[in-house]
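Peer 1: Once you've had a glance at the structure underneath, I'll fire off some questions.
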Amino acid sequence: MTEKTLTPTPRDAFDLLMSGNQRFVSGASEHPNQDAARRTETAPSQKPFAVLFGCSDSRLAAEIIFDRGLGDLFVVRTAGHVAGTEVLGSLEFGVAVLNAPLVVVLGHDSCGAVAAACSALENGKMPGGFVRDVVERVTPSVLTARAAGRESAEEILAEHIEHTVDLLLERSRVLADAVAAGRTAVVGLSYRLADGSAQLVAARGLDALVPAAS
Ligand SMILES: [Zn+2]
């Protein structure tokens, strides 16, 4: 794939992203596309190969953990990767206007938003202000996981990531159509803070992805 001219396939985009993560994990980051030449090249227009929708956590800096640079990732982040209408509109912009072939939902262990939803369920006390809105949007994932007997923090996190992937496709006709047409895939990745690795936990629109991923 030549990054400059062709729109990568969803599979190419996924491989590009994961190879960057592997470099980051092993301490071999190359910091691609972060120089003045790339800045000049991308100033007239952008053609990101992936839309990244992740948690706002300060340790999840997208271009660092996937070893990418300018013009590579169209990034939307909210606490606990909860999705309201502005988020959906931003993701649709990335897919329908910028033609990104991949949407990534990025969650992580020790997520404060997930922990807050768990503790709100346990003690019955909701946080105030608009933090409450975040917690309310994470709560269905926690309830679903628990109802299925998936009680560990890792299982609850995986449920929340997968729930978010499905929520995007349920709520956004634009995303669902792009996936149905094979133009875009939506995947869920679970990031481990300690070692920096991102694991695939959900994939929609790219059935061959899971066994072939390395
Ligand atoms: Zn988080």
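The values are calculated or read from the model by the stated rules, or taken from the named source; none is laboratory data. Predicted model only: the values in this text are computed from it and were never measured. All Cβ positions, even for glycine, are placed from backbone atoms using ideal geometry, and neighbour counts span all protein chains on display. Heads up: the accessible areas ignore ligands, DNA and RNA and are worked out on the full protein's heavy atoms, side chains in. Shrake-Rupley method; radii C 1.70, N 1.55, O 1.52, S 1.80 Å.
Peer 1: If you stretched the chain out fully between Arg132 and Asp195, how much longer would it get, using 0.36 nm times the residue separation minus the C-alpha to C-alpha distance?
Peer 2: 19.6 nm
Peer 1: Follow-up question, since we're still on this one. Can you give me the % of accessible surface on the chain that is carbon or sulfur? Probe 1.4 Å, all protein chains present, nothing else counted.
Peer 2: About 54 percent, which is the carbon plus sulfur part of the accessible surface.
Peer 1: Taking segment 117-199, which GluC sites (Glu not before Pro) meet the DSSP loop condition and have no more than 12 other C-beta atoms within 10 Å?
Peer 2: Answer by residue number: Glu151.
Peer 1: Can you tell me the orientation of helix 10-25 relative to the chain, as the angle in degrees between its alpha-carbon axis and the longest Cα principal axis, to the nearest 10?
Peer 2: That works out to roughly 80 degrees.
Peer 1: Apply the Karplus parameterisation 6.51 cos²θ - 1.76 cosθ + 1.60, with θ equal to phi minus 60°, to every residue of segment 100-110 and state each ³J(HN,Hα) to the nearest whole Hz, in sequence, with x for glycine and proline.
Peer 2: Working through the residues one at a time gives 5, x, 8, 10, 10, 9, 10, x, 7, 6, 6 Hz.
Peer 1: How big is the dipole moment of the chain about its Cα centre under a simple scheme where the beta carbon of each Lys and Arg is +1, that of each Asp and Glu is -1, and everything else is neutral? Debye, nearest 20, please. Mind dumping the intermediate values first?
Peer 2: Values: 19 positive and 26 negative charges, 63 e Å.
Computed charge dipole of the chain: roughly 300 debye.
Peer 1: Let me ask something else about it. Any idea how far the Cα center of segment 141-198 sits from the one of segment 76-98, in Å?
Peer 2: Computed from Cα coordinates, the inter-centre distance equals 14 Å.
Peer 1: For segment 111-120, take each phi angle, set θ = phi - 60°, evaluate the Karplus expression 6.51 cos²θ - 1.76 cosθ + 1.60, and give the result in whole Hz per residue in order, putting x for glycine and proline.
Peer 2: 6, x, 5, 5, 4, 5, 5, 5, 6, 5
Peer 1: Here's another thing I want to ask about it. Could you work out how much longer the chain between Ala96 and Leu6 gets when fully extended? Use 0.36 nm per residue separation minus the Cα distance between them, nm to one decimal.
Peer 2: Answer, rounded to one decimal: 30.8 nm.
Peer 1: Let me ask something additional. Counting only residues 5 or more places away or on other chains, whose amide H sits under 5 Å from the amide H of Tyr191 once H atoms are built in the peptide plane?
Peer 2: Under 5 Å from the amide H of Tyr191 lie the amide H atoms of Gly107, His108, Asp109, Gln199, each far enough along the sequence or on another chain.
Peer 1: Here's something else I'd like to know. Against the longest principal axis of the chain, how steep is helix 153-171, in degrees 0 to 90 to the nearest 10, with axes from Cα atoms?
Peer 2: Relative to the chain, helix 153-171 is tipped by roughly 70 degrees.
Peer 1: Whole-Hz Karplus ³J(HN,Hα) for segment 135-149, in order, using 6.51 cos²θ - 1.76 cosθ + 1.60 and θ = phi - 60°, x for Gly and Pro?
Peer 2: 4, 4, 7, 8, 3, x, 5, 5, 5, 5, 4, 5, 5, 8, x
Peer 1: Another one. May I ask what percent, to the nearest 5, of DSSP beta bridges between residues of the chain are antiparallel?
Peer 2: The antiparallel proportion sits near 25 percent.
Peer 1: Under the rule of at least 5 residues apart or a separate chain, name every residue whose amide H is placed under 5 Å from the amide H of Asp57.
Peer 2: So Asp57 has HN proximity to Gly80.
Peer 1: Pick out, in residue order, every one of the trypsin sites (Lys or Arg not before Pro) in segment 69-134 that is DSSP loop and has at most 16 other C-beta atoms within 10 Å; say none if there are none.
Peer 2: Lys125
Peer 1: Roughly how many nanometres apart are two label points built 7 Å out from the Cα toward the Cβ at Ser45 and Ala153?
Peer 2: With each label point 7 Å from Cα toward Cβ, the separation is 4.6 nm.
Peer 1: On average, how much accessible surface per residue is there in segment 10-213, in Å², for a 1.4 Å probe, leaving out ligands, DNA and RNA?
Peer 2: Numbers: 9370 Å² over 204 residues.
Each residue of segment 10-213 exposes 46 Å² on average to a 1.4 Å probe.
Peer 1: Take peptides 142-148, 112-118 and line them up by average Cβ neighbours within 10 Å, highest first, as a rough protection proxy.
Peer 2: The peptides rank, most packed first, as 112-118, 142-148.
Peer 1: To continue, here is another question. Using mean Cβ contacts within 10 Å as the protection proxy, how do 190-197, 24-31 order, highest first?
Peer 2: 190-197, 24-31
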